[in-house]
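These notes are about the structure you will find just below.
Derivation of every value follows stated rules applied to the coordinates shown; laboratory data play no part. Since this is a predicted model, take the numbers as computed values, not measurements. When we count neighbours, we look across all protein chains shown, and the Cβ atoms used for this are built from the backbone with ideal geometry, even at glycine.
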Amino acid sequence: AGQLFETDLRLRPNGDSGLMVVSLEAFRQYQLENAWVWEHQALTRARFCAGDREIGRKFEAIRIEVLRQPRDLAKLREEVLAMRQRMADAHTNKSDLFDLKHARGGMIDVEFIVQYLVLGYAHPHASLTGNLGNIALLKMAGELGLSPSDEAAAVADSYREYRRLQHGLRLNNQVSRVDRAQVADQAAGVRALWNRVFGDTLD
């Protein structure tokens, strides 16, 4: 019936040149010593989904260990902003429609906010490492005082609406783009929280 999930093999240790399978210890060593920040961003969303439960338990322990490393927030901010710019450059939108995923103020910006907060603050706040999803993690960030709780809750609602619209479009084999006016309030809220978290104004 078609492809259920797309697997990005570049996310394995050492990317396209890496081995298809590595040991848990080799994975841990790579993540702690050689992985790029964007790989740790991906790790915030990683989940053990099948196989031996003991391996899954050990993987989760490694994931939490990596995410809870103390980090230089200024350097982390710089790395996350650079990766966001690279993604923006790779997904230009020449139409007048709002790209739910890639547009400034869209889903990717919400996800990058969450990933930055997890990587930056999981060291003192272990609860941020939970596989809870972006909406729950945004609300948790507000409760922990990492962002204004009302703004975090509003952006969580915006992300939920983006996902609802995206699912509807995908089910009808349409691209994930809508009229800008339809999501103007949501996008403005995301941009405001982005600016507050990163001190960087989105175009």
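Volume per residue of the convex hull around the Cα atoms, evaluated for the range 21-91, comes out as 108 Å³.
Pairwise Cα distances in the chain exceed 28 Å for 31 percent of all pairs.
Largest GNM mean-square fluctuation across ARG45, ARG84, ARG53, computed for the chain with C-alpha springs under 10 Å, falls on ARG53. Taking only the alpha-carbon positions of the range 52-152 and ignoring solvent, what does the Debye formula give for the base-10 log of I(q)/I(0) at q = 0.10, 0.11 Å⁻¹? Evaluating at q = 0.10, 0.11 Å⁻¹ gives log10 I(q)/I(0) of -0.34, -0.41. In the range 89-140, the alpha-carbon atoms span a convex hull of 83 Å³ per residue. Within the chain, the whole DSSP H helices whose Cα atoms reach 15 Å or more along their own axis and whose mean Kyte-Doolittle score is at least -1.0 are 53-67, 73-90, 107-121, 149-171, 184-198.
Just ALA188, ALA156, ALA26 to compare: in a GNM of the chain, with alpha carbon springs under 10 Å, which one fluctuates most? Its mean-square fluctuation being the largest, the pick is ALA26.
Rounded to the nearest 20 debye, the dipole magnitude of the range 85-173 is 320 debye, with +1 charges on Lys and Arg beta carbons, -1 on Asp and Glu beta carbons, and the Cα centre as origin. Shown here: the range 85-203, whose C-alpha atoms stretch 43, 29, 24 Å along the first, second and third principal axes, sorted largest to smallest. Candidates LEU9, ALA154, THR92 compared by Cα position along the dipole of the chain: farthest toward the positive end lies LEU9, with charges placed on Cβ. Ignoring the sites themselves, the chain has its longest run without chymotrypsin sites (Phe, Trp or Tyr not before Pro) in a DSSP loop having at most 15 other Cβ atoms within 10 Å at 49-203. Annotation: aspartates and glutamates with alpha-carbon distance below 16 angstrom to LYS94 (same-chain offsets under eight excluded): ASP179, ASP203.
GNM on the chain, alpha-carbon springs under 10 angstrom: the most fluctuating residue among ARG68, ARG47, ARG170 is ARG170.
Relative contact order for the range 97-203: what is it in percent, counting Cα pairs under 8 Å that are at least 6 residues apart?
Here the relative contact order equals 37 percent.
The length gained by stretching the chain between ARG45 and ASP157 to full extension, at 0.36 nm per residue less their Cα-Cα distance, is 38.4 nm.
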